[in-house]
Amino acid sequence: MKISYNMDEAARALGCSKRKVYDLVSRGELTTFKFAGRTLIRADVLQRAIDRASGGKAA
């Protein structure tokens, strides 16, 4: 189980472009952190974004 994603992986997981991920980060809808020189997004942050977008309904 992945616990964090780089920007490319996050885009694939969300089904959007990498540019959209950067846009979501710049708007504060996704938070990032640095680890070992890499910018990452926690899996739970992605899940919360998906939940917000879908009205909090799990599939």
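The values are calculated or read from the model by the stated rules, or taken from the named source; none is laboratory data. All figures in this text were calculated on a predicted structure; none of them were measured in a lab. Here the Cβ positions follow ideal geometry from the backbone for every residue, glycine too, while neighbour counts run over all protein chains shown.
Scan the range 9-31 and report the pairs whose first residue is over 11 Å from I41 (Cβ atoms) and whose second residue is aromatic (F, W, Y) and at pLDDT below 95, with Cβ atoms within less than 9 Å and a gap of 6+ or a chain change. Taking only residues 6 or more apart or on different chains, not a single pair turns up. Taken over the range 10-59, the residue count meeting the criterion of being exposed (fewer than 14 other Cβ atoms within 10 Å of the Cβ) and of a type in the set (F, W, Y) is 2. Please tell me if T32 is polar (S, T, N, Q) and in contact with a strand residue (DSSP E or B) (Cβ under 7 Å, 6 or more places away or on another chain). So T32 fits the description; yes.
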